[in-house]
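The values are calculated or read from the model by the stated rules, or taken from the named source; none is laboratory data. Worth saying up front: this structure is predicted, and the values here are computed from it rather than measured. Positions of Cβ are generated from backbone atoms using ideal geometry, with glycine treated the same way; all protein chains shown enter the neighbour counts. Surface accessibility is based on the protein's heavy atoms, side chains included, excluding ligands, DNA and RNA. Shrake-Rupley method; radii C 1.70, N 1.55, O 1.52, S 1.80 Å.
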2 protein chains.
Amino acid sequence: MTVYNFAAGPATLPNEVITQIQDELPSLQGSGMSILEISHRSSMFDDIINAVQADLRDLMKIPDDYEVLFFQGGGTGQFAAVPMNLATDHHRIALLDSGHWAAKAGEEAKQLGYKVDTLATTKATHYDRLPALTMTMPDDTYDYLHICTNNTIEGTAYHELPKTNHVPLVADMSSNIMAQKYDVADFDLIFAGVQKNLGPAGVTIVIVKKSLIKEVDGIPSVFNYQLFAKKNSMPNTPPVFNIYATGLTLKWLKKVGGIDEMQARNQKKASLLYDFLDQSTLFNNPVKHQDRSLTNIPFMTGDAKLDLAVVDDLAAHGLMNLKGHRSVGGLRASLYNAMPFEGVQALVNELYRFEKEM
Amino acid sequence: MTVYNFAAGPATLPNEVITQIQDELPSLQGSGMSILEISHRSSMFDDIINAVQADLRDLMKIPDDYEVLFFQGGGTGQFAAVPMNLATDHHRIALLDSGHWAAKAGEEAKQLGYKVDTLATTKATHYDRLPALTMTMPDDTYDYLHICTNNTIEGTAYHELPKTNHVPLVADMSSNIMAQKYDVADFDLIFAGVQKNLGPAGVTIVIVKKSLIKEVDGIPSVFNYQLFAKKNSMPNTPPVFNIYATGLTLKWLKKVGGIDEMQARNQKKASLLYDFLDQSTLFNNPVKHQDRSLTNIPFMTGDAKLDLAVVDDLAAHGLMNLKGHRSVGGLRASLYNAMPFEGVQALVNELYRFEKEM
């Protein structure tokens, strides 16, 4: 039985990448040493981390006035690192509350002593749409505006960005980086854990405008953007394997056609599922059409017990990890880059069969 | 040609571990999913992380009143996290300056705003021995005393611990954890990156007395001991693969006989090299005998050009990564748990041949 993994992250990776890792695990490039054993100070690893950076720049068309940095600690680490490095003038940030992870970013900044103003929220409608920024942002109040481009739990995504009126725009892009096309120049900082679209958990990518990087005293070295920029992301030992595996996924992404091709594939995959859900009399996706995510699609029957029965039925057919997040309930299908169209087809077929036999 | 990797870390891993990772990479436990893809919220991963913790407790005989936690960010991350969590009464810590990494821990605490008193240092003699704590420590001045049990760069190790007079003892054990036997009850906190003796870079183990864990406001969540203790080290996505690989190394360690056996093997390996160096008229290890490390052995000819020629000669014979750290120069052999006796024998044979043919 072919198994399709619809987990929200860590998530499915391309088979080719896993096969390549497997093939070269005992001896990287004929060195007699495993990627699990090589020094981060070796020329072999220098080549690897430099290629990852070059491929990221190439795929995302990152302008030269941006740094590309690699951290440990996940998105939650950056919820602390971003205000520590950027909120140095006003110690106050603005937030659009589009769901669980946007709110979490605000909570982390607040508990670290920064002022956080939520300029708009759609909590009242259970985050079934994106919050609209209707005010003109004052340009002397906030160090930046934080948004979450794709809301993994609630299934919404920004297809148009808010107008910040010169206030720097910071985006948590963890769940749709390279799954959907954005212009990096529209952001001042993008961060993303790799574990959804790009690799195994353990690396967080930060893409930040060089002009925003400054000397900041009194913050942990492992979160210091200036230090990481100076030391090619290696002031201390980086997660060597995880960076290497991310690099292989980027090579795969380039080979299959880059972000344009990925977005086209993801639109096709998502449409297949949304079209089914919209005509279904059993299942429903609660998200406003214009704000729907390409990568994370929650749906439910309205009957929690029945939802669980569907999850079990799907698992019995090799369609795994479709249980929704506890805060939303129901089911959730994550259709990241490495999920093939056939996986979504198998999912829709089985949902259709289930509904018909009810 | 058999390749032996003497790197200081990331470092050599047991062949059995690499083979097992390779074998089960495409499908973990018949799930059809790779360890690189499974969710940290899955019962499969729960079993993995719980087993890693249980094996750590078993191997190190960790008493029940200690927590075992897993972080990202390496030793440098803990240089920040330890004072943030522990230096809450006096905001002042004490330090024994035994070398590069002990000094670094002090610098990080200082730049974060903590007072740091270096109670003893052997910097004047180029860290060729451990600093002796001759004073009786006052019990109302310091939140803890920081030591580095094994100095990776300088090649010294604590075989007897300093008497702290009730002041909590914090140890950076990154380069000799489970390579040498210590009684966990002699410490209040131990931390160690896994990338020398236990696994691929990307996980840091913290073993901390439960009574020292308290609610601390205003510190990053990813460094919050209380939060990690409450959430089984998973308030956010952990480095799933790295924890899994560490777990396999622990199973290997148990199979071959645990820490007692490792220490015996490491003593035998280190003695072979030290005995050679001590009778050599070409090579010299500068460290005082009673403070010598089992895992990291620097040595040199006194002629920097000749040292480099030796490094090249060894590499040509499959004996890799023997260049010393730039701050010490010469050569350095790291003989961690996974380095077989045959590797050290091959190294000594080649050094002997080199010296004879001079």
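Seen from every direction in turn and averaged, the convex hull around the alpha carbons of the protein assembly as shown projects onto 30.7 nm². For the rotation carrying B onto A, the chain B residue whose Cβ lies nearest the axis, with the distance in whole Å, reads B:72, 2. Taken along the Cα-to-beta-carbon direction at a fixed 7 Å, the label points for residue B:355 and residue A:232 span 3.6 nm.
Per 0.36 nm of contour for each residue apart, how much would the distance between residue A:125 and residue A:315 grow if the chain were fully extended, relative to their Cα-Cα spacing? Don't skip to the end; give the middle numbers.
Details: separation 190, 0.36 × 190 = 68.40 nm, distance 3.06 nm.
Full extension from residue A:125 to residue A:315 adds 65.3 nm.
Between copies, residue B:235 shows label-point distances of 2.1 nm, shortest first, with the point placed 7 angstrom from Cα along Cα to C-beta. Amide H contacts of residue B:323 (H built 1.01 Å from N, in plane; Pro and chain starts excluded): B:332 sit under 5 Å, all sequence-distant by 5 or more or on other chains.
Shielding of peptide A:26-34 by partners, expressed as the average count of other chain Cβ atoms within 10 Å per residue Cβ, is 4. For region B:15-255, the direction-averaged projected area of the alpha-carbon convex hull comes to 13.1 nm².
Rolling a 1.4 Å probe across all protein chains gives residue A:317 an accessible area of roughly 80 Å².
Give me the 1.4 Å probe accessible area per residue for chain B, excluding ligands and nucleic acids, in Å².
Numbers: 13590 Å² over 358 residues.
Per-residue accessible area for chain B comes out at 38 Å².
For region B:181-214, accessible area lost to neighbouring protein chains reaches 20 Å² or more, against the chain alone with a 1.4 Å probe, at B:195, B:200, B:201, B:202.
Residues whose amide H comes within less than 5 Å of that of residue B:115, counting only those at least five positions distant or on another chain, are B:92, B:93 (H built at 1.01 Å from N in the peptide plane). Only protein heavy atoms count here; under a 1.4 Å probe, residue B:203 has an accessible surface of about 0 Å². In summary, the lysines within cross-link reach of residue B:356, defined as a Cα separation below 20 angstrom excluding same-chain residues under 8 places away, comprise B:305. Where Lys and Arg each count +1 and Asp and Glu each count -1, what net charge lies around residue A:171 among other residues with Cβ under 15 Å from its Cβ? Its environment carries a net charge of -2.
Can you divide the C-alpha Rg of region A:162-307 by 2.2 N^0.38 Å and report the result to two decimal places?
Numbers: Rg = 19.1 Å, N = 146, 2.2 N^0.38 = 14.6 Å.
Relative to the rule-of-thumb radius for its length, region A:162-307 sits at 1.31.
Note on residue B:290/residue A:303: beta-carbon distance plugged into 1/(1 + (r/R0)^6) with R0 of 45 Å gives a FRET efficiency of 0.05.
Here the dipole of region B:258-357 is about 220 debye; that uses its Cα centre as origin and unit charges on the Cβ of Lys and Arg (positive) and Asp and Glu (negative). Ranked from shortest, the separations from the 7 Å Cα-to-Cβ label point of residue A:44 to its equivalents in the other copies are 2.8 nm. For residue B:44 and residue B:215, the difference between the fully extended length at 0.36 nm per residue and the C-alpha to C-alpha distance is 58.5 nm. Taking the simple approach of a point 7 Å from Cα along Cα-to-Cβ for both residue A:345 and residue A:20, what is their distance in nm? Spacing of the two 7 Å Cα→Cβ label points: 2.6 nm.
For region A:119-158, carbon and sulfur atoms together expose 51% of the accessible surface, with a 1.4 angstrom probe and every protein chain in place.
Ordering A:297, A:329, A:31 by Cα displacement along the dipole of chain A toward the positive end leaves A:329 in first place; charges were set at the Cβ atoms of Lys, Arg (+1) and Asp, Glu (-1).
Interface B/A, total buried accessible area with a 1.4 Å probe, nearest 100 Å²?
Numbers: alone 15590 and 15560 Å², together 27170 Å².
The contact between A and B buries close to 4000 Å².
Computed over chain B, the per-residue total of -39500 (n - 2.57) for DSSP H runs of n ≥ 4 gives a 222 nm mean residue ellipticity of -11500 deg cm²/dmol, rounded to 500.
Restricting the calculation to alpha carbons of region A:258-357 gives Rg and Dmax of 12.9, 41 angstrom.
Extent along the principal axes, Cα only, for region B:207-259: 43, 26, 14 Å, with the longest axis given first. Solvent-accessible surface of protein heavy atoms, probed at 1.4 angstrom with all chains present, puts B:354, B:79 in the order B:354, B:79, largest first. When the surface is traced with a 1.4 Å probe over the full set of protein chains, residue B:260 keeps roughly 90 Å² accessible. Which one of B:225, B:88, B:72 is farthest out on the positive end of the charge dipole of region B:15-255, using unit charges on Cβ (Lys, Arg +1; Asp, Glu -1) and the Cα centre as origin? Farthest towards the positive end: B:72. Among the DSSP helices (H) of chain B, those spanning at least 27 angstrom by Cα along their long axis with an average Kyte-Doolittle hydropathy of -1.0 or more are B:258-279; this is a geometric and hydropathy rule only. Gaussian network model of chain B, Cα springs within a sub-10 Å range: biggest mean-square fluctuation belongs to which of B:345, B:180, B:29? Comparing B:345, B:180, B:29 in a Gaussian network model of chain B, the most mobile one is B:29. Averaged over the residues of peptide B:237-248, the number of Cβ atoms from other protein chains lying within 10 Å of each residue's Cβ is 5.
Ascending distances from the residue A:88 label point to its copies in the other chains, with the point 7 Å along the Cα-to-beta-carbon line: 2.9 nm. By a straight-distance test (C-alpha under 19 Å), which aspartates and glutamates pair with residue A:61 as possible cross-link partners, with residues fewer than eight away in the same chain excluded? Reachable aspartates and glutamates: A:160, A:172, A:183, A:186, A:188, A:260, A:261.
If R0 is 45 Å, the Cβ-Cβ spacing of residue B:278 and residue B:61 corresponds to a FRET efficiency of close to 0.85.
Going down the table (B:123/B:196; A:104/A:181; A:231/B:230; A:104/B:214), which pairs top 29 Å between alpha carbons?
Numbers: B:123/B:196 25 Å; A:104/A:181 25 Å; A:231/B:230 34 Å; A:104/B:214 22 Å.
Listed pairs above 29 Å: A:231/B:230.
Suppose a student asked you for the relative contact order of chain B, using Cα pairs under 8 Å spaced at least 6 residues apart; what percent would you report? Don't skip to the answer; put the middle values down first.
On the way: 664 pairs, mean separation 83.1, N = 358.
Here the relative contact order equals 23 percent.
Below 8 Å, C-alpha to C-alpha, sequence gap of six or more: please give me the relative contact order for region B:1-129 in percent. Numbers along the way, then the final one.
Values: 88 pairs, mean separation 17.5, N = 129.
Rounded, it is 14 percent for region B:1-129.
What the Cα convex hull of region A:69-137 gives, in volume per residue, is 109 Å³.
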